[in-house]
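For reference, the structure is listed below as structure tokens.
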């Protein structure tokens, strides 16, 4: 059940009505109903994996209590290791078994040893990486004595399985979401209106930007042999917009839906393509995952304490693990490594904490230096996205190589312009341009439509909403799966 | 909450009213359009396609067989019901609609390598928009990927994502006054073979066309029903360029199946799969499709053969 489907609309209308009008008076009923609704939502994907979700929830619920109650540190650690081990074990089997089996077999084969590993035809349970990380953050926080465990299974289960964030995040923290689950919620008109506009913006990003760019990015990547180097770069840039529109659009819709139910989720994106450096990009892209790795991996490893080499080691570890989190393929590992390489100079020159503010914060337009910095950062991320999108590492290297070879070939630029003019078309380019303008205007807000809610008179604002809605209707083609569902 | 719901309703209401009106208006115009596929579906539903001789098949029927050439020769009214991109499954739907009116006397079925294969996706979905309220059509297309049950049940939902149709409607392309771009379903392609086609063929990989057993069964059933209804069926395999013949590895066995069906049901099979036309690029615009020059020559050859068959052998 995709957020941008009529099935979801119907599901949500029913959930919203029952949630506020039937179960609204008692928090316990409201939470129980939301938990069941979340299970129904998950069962729509594949009901068989519902048992895995429930098992994972039970495991972390019990582990949390046992860790908290354990009398000795040794026992606390044992419960933690048990919980983490089983959680990662599931993730390992479902997501990484074939990858490791295949990689090991190839390695041994290179050494002349022939093996007959059995590759399993495993279906990856949707959202497993997300709900596993929800659960892990909970047990880590209890272990680190940041929170006390929840003794109410329904509340805890709702924290793990809350349907807006169940299959593609944002990765929530128990410290942030659990208190909201446990506290009675009041319907807020302002919050609901904000939720509706954020859903609208998320829909626009997914349906128009992501799905619109996807068809051309897919064509260029799938038939890369037929295109010149600069068109290949355009394909990678389109993929950059596709993945941003897709994932941040999903996050916006998840946040908007949650607001309609009285919840505030963690922010996941903060206009990453207006970053002036790679460290800034990573503070703005998939924030909930970056901060998860920072808090539960980078800092426990020692973070930036312990000298330069120690910091570099930790940085490489979190980027490689982050790449690996995205998928069981060497392409994701190289993508992580490449981002680590991009990041290293900032760490060495201690400029990784630069640009903590919003670009051109007190101005309408960026200055030349900022513009160049943003362009350079964008181009670097586009090259990294090639590895993310490519079917193999060899393919990605050859793709990048062809882009670089064509950099000084005027014909390659001409071919790219022809592709843009006749295949992508002026309307799509115009929409992309308007999208970037709106994002720029709204870069100080949670989402661009908030600027209009705050500063534009009601009729003009509503006219803009209708225009966006019409564009969404017109462009909503064949529904494409959200990219992050596969992670 | 009350304020929120009222405001939401007031915001949604104009959109809903406009969407309802747009749905009604566009469907109405599409049902009166002569344009492209809409023109053919409209002829089909209004009975204008119920002619003496009907041509069934895919695009290899649609762009290959000229009804005018056939009419001159066989002295019967002719309509070309070839449907681009689809196989027997869609032709049989068109046949079912035809059978609601006066049945044809003769059906010429133009075969190709994928006639007895069923495609998965709902190709050119826009052509079905005006007639989703027809149960037979809706039931048939519901088996294809890309179909949504909401399309037929909620107003306007079918137009979500169909911006090209809406833009063209807005542009007046579907107005009743716009002349038809096909004549009785047929449209000759005034296109030549280019280097791009050679390039495409160079990169094309050989494939084995999977046969759909249910399509074969239904094709046989169709032949039996036609016989019971005293409709003469004639099979033909239009020319395909020699360069395109190598890509379907099981092409010979597919043609053998057609021959065997023709033999079992005692129906003529006019096989042009190895005709001299197949050797010359000037008659084609790609490996599977004849251009206007090739189509005229093939239509004449077919007409002449049909004339002989229809004159010599009386209806069984």
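The values are calculated or read from the model by the stated rules, or taken from the named source; none is laboratory data. As the structure is a prediction and not an experimental result, all values here were calculated from the model. FYI the Cβ positions are ideal-geometry reconstructions off the backbone, even for glycines, and counts take in every protein chain you see.
Can we say residue B:290 is under 25 Å from residue B:71 (Cα atoms), more than 20 Å from the chain's Cα centre (by Cα) and in contact (Cβ under 8 Å) with a residue 60 or more places away in the chain?
no
When the range B:1-16 is examined, which residues are found to be surrounded by 11 or more Cβ atoms within 10 Å (Cβ to Cβ), within 11 Å of another protein chain (Cβ to nearest Cβ) and either assigned to a helix (DSSP H, G or I) or touching a strand residue (DSSP E or B) at 6+ places or on another chain (Cβ under 7 Å) (or both)?
Step one: list which residues in the range B:1-16 are surrounded by 11 or more Cβ atoms within 10 Å (Cβ to Cβ), which gives B:1, B:4-5, B:7-8, B:11-12, B:14-16.
Then keep just the ones that are within 11 Å of another protein chain (Cβ to nearest Cβ); that gives B:1, B:4-5, B:7-8, B:11-12, B:14-15.
Scanning the range B:1-16 gives B:4, B:5, B:7, B:8, B:11, B:12, B:14, B:15.
Go through the range B:17-51 and report how many residues are within 14 Å of another protein chain (Cβ to nearest Cβ) and surrounded by 13 or more Cβ atoms within 10 Å (Cβ to Cβ).
Total meeting the criteria: 5.
Consider residue A:211 against the criteria (1) within 14 Å of another protein chain (Cβ to nearest Cβ); (2) in a helix (DSSP H, G or I); (3) over 26 Å from residue A:474 (Cβ atoms); (4) modelled with pLDDT under 95: it satisfies all of them except one. Which criterion is unmet?
(3)
Output the residue which, of all residues in the range B:192-225 that are at pLDDT below 75 and touching a helix residue (DSSP H, G or I) at 6+ places or on another chain (Cβ under 9 Å), is nearest to residue B:247 (Cα to Cα).
This residue is B:204.
Residue-by-condition table, conditions (1) free of Cβ contacts under 8 Å to residues at least 60 places away in the same chain; (2) surrounded by fewer than 18 Cβ atoms within 10 Å (Cβ to Cβ); (3) at positive phi:
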| residue | (1), (2), (3) |
| --- | --- |
| B:111 | no, no, no |
| B:119 | yes, yes, no |
| B:122 | yes, no, no |
| B:151 | yes, no, no |
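Here are some conditions: (1) farther than 21 Å from residue B:40 by Cα; (2) within 20 Å of the chain's Cα centre (by Cα). Residue B:206 meets all but one. Which one does it not meet?
Going through (1) farther than 21 Å from residue B:40 by Cα; (2) within 20 Å of the chain's Cα centre (by Cα) one by one, residue B:206 breaks only (2).
Which of the numbered conditions does residue A:355 fail, given that it passes all the others? Conditions: (1) part of a helix (DSSP H, G or I); (2) in contact with a helix residue (DSSP H, G or I) (Cβ under 9 Å, 6 or more places away or on another chain).
Every condition holds for residue A:355 apart from (1).
So which of A:372, A:416, A:380 is outside any loop (DSSP other than H, G, I, E, B) and over 30 Å from residue A:219 (Cβ atoms)?
The conditions single out A:372.
What are the pairs with Cβ atoms under 6 angstrom where one residue, in the range A:419-433, is within 11 Å of residue A:234 (Cβ to Cβ) and the other, located anywhere, is modelled with pLDDT of 85 or more and surrounded by 14 or more Cβ atoms within 10 Å (Cβ to Cβ)? Sequence gap at least six, or different chains.
As it stands, the answer is A:419/A:231; A:424/A:216, since those pairs meet every condition given.
Looking only at the range A:462-481, decide whether some residue is touching a helix residue (DSSP H, G or I) at 6+ places or on another chain (Cβ under 9 Å) and away from every other protein chain (no Cβ under 14 Å).
No, because not a single residue in the range A:462-481 is touching a helix residue (DSSP H, G or I) at 6+ places or on another chain (Cβ under 9 Å) and away from every other protein chain (no Cβ under 14 Å).
Residue-by-condition table, conditions (1) closer than 18 Å to residue A:161 by Cβ; (2) surrounded by fewer than 24 Cβ atoms within 10 Å (Cβ to Cβ):
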position: A:235; (1), (2): no, no
position: A:244; (1), (2): no, yes
position: A:249; (1), (2): no, no
position: A:256; (1), (2): no, no
position: A:262; (1), (2): yes, yes
position: A:267; (1), (2): no, yes
position: A:270; (1), (2): no, yes
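Show me the helices (runs of 4 or more DSSP H) found entirely inside the range B:100-183 where at least 2 residues are under 19 Å from residue B:45 (Cα atoms) and away from every other protein chain (no Cβ under 14 Å). Before the answer, list the steps.
Values: elements: B:135-141, B:149-153, B:163-170.
Ranges flagged: B:135-141.
Identify the residue in the range B:69-93 that is touching a strand residue (DSSP E or B) at 6+ places or on another chain (Cβ under 7 Å) and assigned to a helix (DSSP H, G or I) and, among all such residues, is surrounded by the most Cβ atoms within 10 Å (Cβ to Cβ).
B:70
Considering only the range B:269-316, state which residues are part of a loop (DSSP other than H, G, I, E, B) and buried (at least 19 other Cβ atoms within 10 Å of the Cβ).
The answer is B:272, B:273, B:285, B:286, B:287, B:288, B:289, B:291.
For a quick check of your reading: which helices (runs of 4 or more DSSP H) sit entirely within the range A:76-177 and have at least 2 residues that are within 19 Å of residue A:292 (Cβ to Cβ), in contact with a helix residue (DSSP H, G or I) (Cβ under 6 Å, 6 or more places away or on another chain) and in contact (Cβ under 8 Å) with a residue 40 or more places away in the chain?
Passing ranges, in order: A:128-143, A:153-161, A:163-166.
Residue under question is residue A:324, and the condition is that it be modelled with pLDDT under 90, outside any loop (DSSP other than H, G, I, E, B) and under 21 Å from residue A:386 (Cβ atoms); does it hold?
yes
Kindly check whether there is at least one residue in the range A:176-188 that is crowded, with 17+ Cβ neighbours inside 10 Å, under 20 Å from the mean Cα position of the chain (by Cα) and modelled with pLDDT under 95.
yes
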